[in-house]
Amino acid sequence: MSRAETDDVRDDVWDGARDDVREVSGPREVRRIWTFGIFRSELGITFRRWRTLALLGVLAAVPILVGVAVKIETSDGSTLGGGGGEAGGPAFIAQVTNNGLFLVFTALAATLPFFLPMAVGVVAGDSIAGESSAGTLRYLLVAPAGRTRLLLAKYATALTFCLVATLVVALSALAVGALLFPVGEVTTISGTRIGFGEGLLRALLIALVVAASLIGVAALGLFVSTLTSSGIAAMATTVGLLITIQILDQIPQLHAIQPYFFSHYWLSFADLMREPVYWDELVKNLGLQGLYAAMFGSAAWARFGAKDITA
């Protein structure tokens, strides 16, 4: 989306916000309307960008590739191994041919280590730095919303993208799984059987947990975005940090500090497919994401509040 198109979207939203402001009284209501107007503007701009649509397209293609690969391999008469593998990856893919719903879990396990956080890092990393490099950041701050509300709107947009991106993967996998494989009762990792309806409910819950697992990445990208005026540099730095953390999380000598990496418990969502559900690592994961969100969110607020806006 060009800068002129971006400005048109913001002008439409802000004109609507101004009309709403005339109908209310009181500074609190005015600030609330302006904040919601900026959030709507950011949502519209983010999801109209070709870059965002391309990222969502790539994410939607991953389940298709996985499903077709599994279908081709099994149609050749061979069987998929990994039935006793680590939960979250091989333990799911070995069940895809028996129930297409397992393609949802397999696709989320395949995209969570890299594709999903990379997409979130690109969107969050460009949030502030992209405005600065395009020369629109000062224009945004002209609206009576303040830096804090603008930062919150940017972060809320990044969190919305986390949810949308995760649901795109899940829905694509569900459609492909139902098309290529049989669906029905679901066999959990523990060996018990649950109905297809409950299986769908657990798939939705897993998708929500995966989306929540990305809030720390979104906060990291937002913080990096406040450190530079180059959107490309912010996106590259965020993605680079993600890759570095992933590598460090695989080095055995660092086992003492690995539980503090935001990616360490990402695949704990597989515990939702046990009977009964194992909650320990799930709670640790969500708590760790909340901690990272608070830490990097506070750092972004402190940095952005003191930043000299020149563009």
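The values are calculated or read from the model by the stated rules, or taken from the named source; none is laboratory data. What you see is a predicted model; the values in this text were computed from it and never measured. Side chains included, ligands, DNA and RNA excluded: accessible areas come from the protein's heavy atoms. Shrake-Rupley method; radii C 1.70, N 1.55, O 1.52, S 1.80 Å.
Structure above, values below:
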{"read-out": "Most to least accessible of R202, R193, R149 (protein chains only, probe 1.4 Å)", "value": "R193, R149, R202"}
{"read-out": "Surface accessible to a 1.4 Å probe, I215 within the full protein complex, Å²", "value": "40"}
{"read-out": "Heavy-atom accessible area per residue - region 150-279, 1.4 Å, Å²", "value": "42"}
{"read-out": "Gained length - L208 relative to I251, 0.36 nm times residue gap less alpha-carbon distance", "value": "12.6 nm"}
{"read-out": "Accessible-area composition of region 128-236, carbon plus sulfur, in percent [1.4 Å probe]", "value": "72"}
{"read-out": "Alpha carbon Rg of region 183-250, scaled by the compact-globule rule 2.2 N^0.38 Å", "value": "1.69"}
{"read-out": "With every protein chain in place, region 247-311: carbon and sulfur % of accessible area (1.4 Å)", "value": "65"}
{"read-out": "Solvent-accessible surface (1.4 angstrom probe) belonging to Y260, in square angstrom, nearest 10", "value": "150"}
{"read-out": "Accessible area of L248 in the full protein assembly, 1.4 Å probe (Å², nearest 10)", "value": "60"}
{"read-out": "Kirkwood hydrodynamic radius of region 206-311, Cα pairs, Å", "value": "15.1"}
